[in-house]
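What follows is one structure encoded as structure tokens, with my remarks underneath.
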Amino acid sequence: MKNGIPSTSKKWFPVSVRLRSRLTQKVSEAGILSGMGLITTLSVLLTLIIIIVLGYEASLFFQQDGVSVRDFLTGFEWNPLLGSEKHFGIWPLVCGTLLVAVIALLIAVPAGLLTAVFLSEYANPRVRAIIKPALEVLAGIPTVVYGFLALTVFTPGFKLISENVGSYNALSAGVAVGILILPIITSLSEDALRAVPNNLREGALGLGATPAETSFRVILPAALSGIISSILLAAARAIGETMIVALAAGNTPKLTLNPGEEIQTMTGFMVQMALGDVSNYGVEYLSMYAVALTLFIITLGFTLMGAIIRRRYREEYQ
Amino acid sequence: MSKKISDMPEILSDPQKHAAATRPEEKRNRSNRIFRGLCIGAAFSSVGILALLILTLLGLGVGDLSKTFLTNPPDPDPAVAGFFPAIMGSIWLLVLVPLLALPAGVATAIILEEFTPRKPVLKRIHSLLQLNITNLAGVPSVVYGIIGLTIFVSMFGFAGKHGQSLVEWGIRSFDQFYSEVDQVLLVPVAGPNAPEAVLTEGLEALTAQGQEVRIHVIGENAPWPEDRALSQRTLRDYDTPGRVHERSWYYFRIPFGRGVLTGALTLVLVILPVIIIATQEALRAVPYSLREAAWGLGLSRWQTVWRVVFPSALPTVMTGTILAISRAVGEAAPLLMIAGIVFITNPPGNIMDDFTAMPLQIYNWAQRPQKEFHDLAASGIVVLLTILLCFNAIAIIIRNRSNKALS
């Protein structure tokens, strides 16, 4: 602090910067950045690794005797473990997966959207301060907990109502998955609804529309891309959900639309294979990879579609 | 040219036609009230569901929660079965997962968010990378489990057959002899797969207490020595050993097998995209003026990021990371794929040790038919949820404390 010139102390600079030679600084920064770039490439390579691993192991599966891509994609029978003749047709597993996902969406979409509309259009800050954290906690509950509830609470409950419900069934699993994905739909849709500018609300209300009409005819259409993408992401989550179906949905692959029956989903089969005592590199063990590849492609399709819709069809205001 | 009233559609200018075409006021008001009621009902029922779920679990689980449950290993007898190895396994994961995921996640987020390229081609690549991260976040965790099973557990089966290792560090192998007086003698051997030790007079060995002794070998019919010290280190020449291993805390091997490290790496894959996205959002929320000020002061881009932008974003980054880690702690599917259901009674001693974690143990108990095990699962869930709720609370506190606006 001689002659009134500030020294490079924290007192004068909000950030303390060690003064080094230009060269040292440039070299060390280049080092740090290239290291970080390397890590970034690694996380990006992850997608490639997933595709290569699943593709390679699935190709081993399709080279096995009695297995073909055509039968896999068109077959309606899946019995890799039982019977003298093994059949590898993916449709029963896809059917079970979709049954659970559709039940879940039937519950989560209306409830989630109404909650989102409430939070963005009706709720005052105090109520929001209760409901938002509650939804976050609901989203943070591990799926194995939902699976346990589906098995020990929902299933006995449904059995009291109807005799046609089995000890393992698609219905309880679907309901549990529905509760699981509800917070996803709510929080993403609410973000979309809140992004709609206030002039649109004020305009509609000023023209004499009721709040319900404003929400239905103005706000929801304006936020539609965000809402659809939230539903697609939630659907991907429901399709890939594992622990709930492994506990509550059962282990019988079958083509059925009856929610009271025992079914098996793609994820459920993968868990059964990983837990079972089937030998590594046997045909049924390898079939796990083909199922995983199918699951990966389906969920990838859903998330990609969601991301693209959100990006491309976002209504830009201002 | 301005429009006159007469240019308006009749439906607007003629009050009678207008009234006929629109729904009557009371109907509109009624549907408005119904919609409002539905919205409120849906919102509060989600809170109600949460309360109901937690109360149900507490009702099922708290009754059996005891000190023995927290300190005992699992047991085929539900009365004495406990949760201890699972808790310890989860703690191991809790240490390893952030250690691996946080640097990688933050580095990726900083590169993607703060070093956005300006050239059109690079911009294209950048937006593809962004889409890729979004997609990774949507990959089901069970798929990551399969990837972990293929890559980390067996290294595609290239690196050594099942149970054998390509490379091992921090392991000492012994041939273990039982003498006639039930004395255990451990003869050190070169490696886990070394040939069996040959019994010779004066061979160096360890007793079970870790004392160094030299083995005294006697023939099949020779009388057993009277001297107590000598008797302790005497073996008959036909005694055959069994191979035992002592693994130190830094034991490491390739392939990784089904140990804690594999579990942690797999969970890192699961939460890495989550951490990246959360960190990116936190960085995006830092006002641009702060960066401009830093550049104006002569800071380089890296200095700006590391000393100005990242510190301001840190509370939000921590909130996102804590939530991601609590997701990893509760995740069961990938661990189930790599570790399976195993009967583990000891907490892991090194990063290669077999392990179980809380969600795995809960699944193990929940899938059994007996009600006693379901009660154990419920108690386990109470422990798990308590820990996770603490995490959530910490995250929310950090967020609320740092909620002051930066701009």
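The values are calculated or read from the model by the stated rules, or taken from the named source; none is laboratory data. Everything numeric in this text was worked out from a predicted model, so none of it was measured. Counting neighbours? That spans all protein chains shown, and the Cβs are built from the backbone with ideal geometry, glycine included. Surface areas here come from the heavy atoms of the whole protein model, side chains and all, with no ligands, DNA or RNA. Shrake-Rupley method; radii C 1.70, N 1.55, O 1.52, S 1.80 Å.
A cut-off of 5 Å between modelled amide H atoms, ignoring neighbours fewer than 5 places along the same chain, links B:T234 with B:H216.
Between B:H126, B:G82, B:P241, the Cα set farthest toward the positive side of the dipole of chain B (charges on each charged residue's Cβ, about the Cα centre) is that of B:H126.
Peptide B:27-40 has a mean of 5 when you count, residue by residue, the C-beta atoms of other protein chains within 10 Å of its C-beta. Packing, taken as the mean count of other beta carbons within 10 Å per residue, orders the peptides A:303-310, B:197-204 from highest to lowest as A:303-310, B:197-204.
If you take each beta carbon of peptide A:238-247 and count the beta carbons of other chains within 10 angstrom, what is the mean?
Per residue, the average neighbour count from other chains is 5.
For the protein assembly as shown, give the share of DSSP beta bridges that are antiparallel, in percent and rounded to the nearest 5; count only bridges with both residues there. In the protein assembly as shown, DSSP labels about 90 percent of beta bridges as antiparallel.
Across chain A, the longest piece that holds none of the chymotrypsin sites (Phe, Trp or Tyr not before Pro) lying in DSSP loops with up to 13 other C-beta atoms within 10 Å covers A:77-280.
Basic side chains Lys and Arg get +1 at the Cβ, acidic Asp and Glu get -1 at the Cβ, and with that the dipole of the protein assembly as shown about its Cα centre reaches some 4540 debye.
Note on chain B: with neighbouring protein chains present and a 1.4 Å probe, carbon and sulfur make up 60 percent of its accessible heavy-atom surface. Since only A:G140, B:S300, B:N346 are under comparison, the one whose Cα sits farthest along the positive direction of the charge dipole of the protein assembly as shown, derived from C-beta charges on Lys, Arg, Asp and Glu, is B:S300. Taking the accessible area of region A:91-312, probe 1.4 Å, and keeping the other protein chains in place, the carbon and sulfur fraction comes to 64%. If you take the Cα centroid of region B:342-407 and the Cα centroid of region A:81-152, the two points sit 20 Å apart.
For the peptide B:297-303, the mean number of other protein chain Cβ atoms found within 10 angstrom of a residue's Cβ is 4. Taken as Cα centroids, region B:168-206 and region A:169-242 sit 68 Å apart, rounded to the nearest whole angstrom.
Computed with a 1.4 Å probe over protein heavy atoms only, the accessible surface of region A:91-312 comes to 37 Å² per residue.
Amide H to amide H distances under 5 Å link A:H87 with A:N79, where only residues 5 or more positions off or on other chains count and H is placed in the peptide plane. Think of chain A as having a plus end and a minus end, set by charges on the Cβ of Lys, Arg, Asp and Glu; of A:T152, A:Y56, A:P183, A:P183 sits farthest toward the positive end of this dipole. For region B:239-343, applying the loop criterion from DSSP together with a ceiling of 12 other beta carbons within 10 Å to the chymotrypsin sites (Phe, Trp or Tyr not before Pro) yields B:F343.
What's the magnitude of the charge dipole for region A:38-153 around its Cα centre, counting Lys and Arg as +1 and Asp and Glu as -1 at the beta-carbon? Answer in Debye, nearest 20. Around 540 debye, computed over region A:38-153. Each peptide in A:225-236, B:176-187 was scored by the mean count of other Cβ atoms within 10 Å over its residues; highest first, the order is A:225-236, B:176-187.
For the chain pair A and B, the buried solvent-accessible surface (1.4 Å probe, both sides summed) amounts to about 7000 Å².
Pairs spanning more than 24 Å between alpha-carbon atoms, out of A:K86/A:K254; A:K132/B:K27; A:K86/A:K159; A:K159/A:K254; B:K67/B:K371: A:K132/B:K27; A:K86/A:K159.
Per residue, the average separation of C-alpha pairs within less than 8 Å and at least 6 apart gives region A:91-312 a relative contact order of 31 percent. Look at where the Cα atoms of region B:50-107 and of region B:248-299 average out, and the two centres are 25 Å apart. Peptide packing for B:139-152, B:79-92 was compared via the average number of neighbouring C-beta atoms within 10 Å per residue; ordered from the highest value, the list is B:139-152, B:79-92. The residues of chain B present an accessible area of 51 Å² per residue when probed at 1.4 Å with all protein chains retained. Near B:V189, the amide H atoms lying under 5 Å from its own belong to B:S173, B:F174, B:D175; only residues 5 or more places off or on other chains count, and H is placed 1.01 Å from N.
Expressed as a whole percent, the accessible area of region A:22-63 that falls on carbon and sulfur atoms is 78 (1.4 Å probe). Please identify the longest segment of chain B free of exposed trypsin sites (Lys or Arg not before Pro), where exposed means a DSSP state other than H, G, I, E or B and no more than 16 other Cβ atoms within 10 Å. The longest uninterrupted stretch comes out as B:162-403. The Cβ shell under 15 Å around B:V274 holds other residues with a net charge of -1, Lys and Arg each +1, Asp and Glu each -1.
For chain B, the dipole from Cβ point charges (+1 on Lys and Arg, -1 on Asp and Glu) about the Cα centre works out to 3280 debye, to the nearest 20.
Residues of region B:128-146 buried by at least 30 Å² of accessible area upon assembly of all protein chains, compared with the chain on its own (1.4 Å probe): B:L129, B:L131, B:N132, B:T134, B:N135, B:L136, B:G138, B:V139, B:P140, B:V142, B:V143, B:I146.
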